[in-house]
Amino acid sequence: MKGIIKKISNIFLLIGLVAVSVSCDLQLQKEWKYVPEPAGNKPTGMTAMEWITMINADTTYNDANGDPEFKYLLEAINHTGLSELYSDESNNRTFFILRNSAFVGSNQLISDMTGSPSTPIAEIEVERLTKALKYHIVSEELSQETIPKNDFFFYYQTLVEGEEGEIEIHKRLFNQQMRINTKIDRVGSGDTPTNMPSTSKGRGVDLHNYIFNNGIGHQINGYVRYTAF
């Protein structure tokens, strides 16, 4: 009799453990479900160029120091004559939109290209700056939802031709953040290193999915590269 009772108790214990496990799995799935960021995910009704120009003209978006949010990016676009790339509606592309912090400060674009973070945009060689901007434009449209798999490397071509124009992107499982040219962080096991060369530079996207008439934009507070520009 005691043996039967023990077996019944074990059965109920097993059922309880399974129920808890399923409940935890469902809870985790809810936590990992993609939740659109409030700032993006809605059509802007503008091209990337029009949107960048509009944001720059609106002082409510200014940085804490009073600079327009995309001051350096707009200067770089004008200096290189690439406004047509940001305005072209014949192709839907991905624009990694560089905020001011991607240009200024130590180990950022201006410093890495010229040796000083205070070098004016107008003094940077047009050819090199053109390559830098083109590397931040992918030839196809990529959102968080169109990347087909979490924590897995995918490779795309930027507007820089050849191998140096390759960009590596993965999407994090826990927060769906897009990350560029960086390792994949693993919980409970070793991280997966990037396959990009040692000359590369990477970071994560800060704000996702600004929908333009000519593609989609993602804001980043630092720049990325395959090799030095």
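Some notes on this structure:
- Here GLU69 fulfils each of the conditions (1) at pLDDT below 95; (2) within 25 Å of TYR223 (Cβ to Cβ); (3) acidic (Asp, Glu) apart from (1).
- Filter pass, ILE184 being more than 28 Å from TYR72 (Cα to Cα), touching a strand residue (DSSP E or B) at 6+ places or on another chain (Cβ under 7 Å) and touching a residue at least 24 places away in the same chain (Cβ under 8 Å): yes
- Within segment 157-171, the residues that satisfy the criterion of being in contact (Cβ under 8 Å) with a residue 24 or more places away in the chain, in contact with a strand residue (DSSP E or B) (Cβ under 8 Å, 6 or more places away or on another chain) and of a type outside the set (Gly, Ala, Ser) are THR158, LEU159, GLU166, ILE167, GLU168, ILE169, LYS171.
- Pairs are defined by a Cβ separation below 7 Å, a sequence spacing of at least 6 or placement on different chains, a first member in segment 190-205 that is assigned by TED's automatic domain parsing to the domain that holds TYR155, and a second member that is at pLDDT 95 or above and acidic (Asp, Glu); the pairs so defined are THR194/GLU168; ASN195/GLU168; MET196/GLU168.
- Applying a threshold of 7 Å to beta carbon distances and a minimum spacing of six or more residues, or different chains, the list of pairs starting in segment 54-80 at a residue that is part of a loop (DSSP other than H, G, I, E, B) and ending at one that is of a type in the set (Ser, Thr, Tyr) reads GLU69/TYR61.
- Condition check for THR146: over 23 Å from PHE229 (Cα atoms), over 10 Å from the mean Cα position of the chain (by Cα), assigned to a loop (DSSP other than H, G, I, E, B) and assigned by TED's automatic domain parsing to the domain that holds TYR86: yes
- Only listed residue being in contact with a strand residue (DSSP E or B) (Cβ under 6 Å, 6 or more places away or on another chain), within 18 Å of HIS208 (Cα to Cα) and among the charged types (D, E, K, R), chosen from GLU141, GLU145: GLU141
- Of the residues making up segment 69-85, those that are in contact with a Phe, Trp or Tyr (Cβ under 7 Å, 6 or more places away or on another chain) and not β-branched (Val, Ile, Thr) are GLU69, TYR72.
- Number of residues in segment 69-120 that are crowded, with 22+ Cβ neighbours inside 10 Å and among the aliphatic types (A, V, I, L, M): the value is 8.
- Hey, GLU125 surrounded by fewer than 15 Cβ atoms within 10 Å (Cβ to Cβ) and either out of contact with any Pro (no Cβ under 6 Å at 6 or more places or on another chain) or at pLDDT 95 or above (or both) or not: yes
The values are calculated or read from the model by the stated rules, or taken from the named source; none is laboratory data. Note that the coordinates shown come from a computational prediction; the quantities given were computed from them, not determined experimentally. Here the Cβ is made from the backbone with ideal geometry for all residues, glycine too, and neighbour counts use every protein chain on show.
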